[in-house]
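Enquirer: My questions will all concern the structure given below.
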Amino acid sequence: MSGLTIISALLGVAGLAFLATGIRRIFQRKFLRAAGLELSGALLLALAASALLLASNLYTYQRLTYEQPVAEVSFKQLSPQQYEVEVHSLDSDLRYQLVLRGDEWQLDAQVLTWQGVASLFGLDASYRLHRIAGRFTDISDEQQKPRSVYSLVGESPVPGSEQFDLWQFAHKHRDWVRWVDAAYGSAVFLPMADGAKFQVAISRTGLIARPDNDVARKAVSHWIGL
């Protein structure tokens, strides 16, 4: 990501230099040369803006090189099928305190892997936590009862760049965006229980959730029928 930021800065400086030189040529009445310089400068600035947009969107992702812990999730029951959940993102200072409805919790992540020219910019496989939702074990409950789902995507450092989503773009145009090797989603779901704590990790194959205390281990054992 730092490589893209540097490239954006260099393109921006070059674009401004071309524009300034073009303006100077206008005062010298060298209009044809000025037009070429102005056009080149505008093109370089457009490329700089595109690189900055890409870098700012990648800022919301984290590097993924091996299995690593990404979140701690803990629960407090408020009422039947209603839990207060605290999600602590381990790769940032973000903490979320939310209310989920249902019997189970589901955490989703978005993963990007790179190839070709993208690897020259030092882009590793990257991920970001996408959302957390409540699930009902019974399908009829899932169809009829109110759902609860929340975004876990952090803010981009460039205001307004949230309108561009690299994962969605790469997923939609994967036939011709050759520098993205894969754009895929991964999800894990486990039961909710009062006092339960879980650790969530991620690897290149996706999310992995593990019970982190006795309450969670007992809930999982009961959930899978052991």
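The values are calculated or read from the model by the stated rules, or taken from the named source; none is laboratory data. Keep in mind that this is a model prediction, so the values were computed, not measured. So basically every Cβ, Gly included, is an ideal-geometry build from the backbone, and we count neighbours across all protein chains shown.
Enquirer: Considering (1) outside any loop (DSSP other than H, G, I, E, B); (2) at pLDDT 90 or above, say which one residue 128 fails and leave the rest.
Expert: Residue 128 satisfies all of (1) outside any loop (DSSP other than H, G, I, E, B); (2) at pLDDT 90 or above except (2).
Enquirer: Tally up the residues in region 84-104 that are of a type outside the set (A, V, I, L, M, F, W, C), touching a strand residue (DSSP E or B) at 6+ places or on another chain (Cβ under 7 Å) and over 17 Å from residue 193 (Cα atoms), please. Give the derivation first.
Expert: Going residue by residue through region 84-104, those that are of a type outside the set (A, V, I, L, M, F, W, C) are 84, 86, 88-89, 91-93, 95-97, 101-104.
Narrowing the set further to residues that are touching a strand residue (DSSP E or B) at 6+ places or on another chain (Cβ under 7 Å) leaves 84, 86, 88-89, 91, 95-97, 101-104.
From what's left, over 17 Å from residue 193 (Cα atoms): 88-89, 91, 95-96.
Adding up the residues that qualify gives 5.
Enquirer: If you don't mind, there's one more thing I want to ask. Going through 158, 111, 153 one at a time, which residue ends up being modelled with pLDDT under 90, in the same structural domain as residue 209 (by TED's automatic domain parsing), part of a strand (DSSP E or B) and among the aliphatic types (A, V, I, L, M)?
Expert: Details: 158 fails: part of a strand (DSSP E or B); 153 fails: part of a strand (DSSP E or B).
It is 111.
Enquirer: Related question: List pairs: first residue in region 19-39 and in a helix (DSSP H, G or I), second residue of a type in the set (Ser, Thr, Tyr) and modelled with pLDDT of 70 or more anywhere in the structure, Cβ distance under 6 angstrom, at least six positions apart or on different chains.
Expert: Within 6 Å, the pairs are 37/21.
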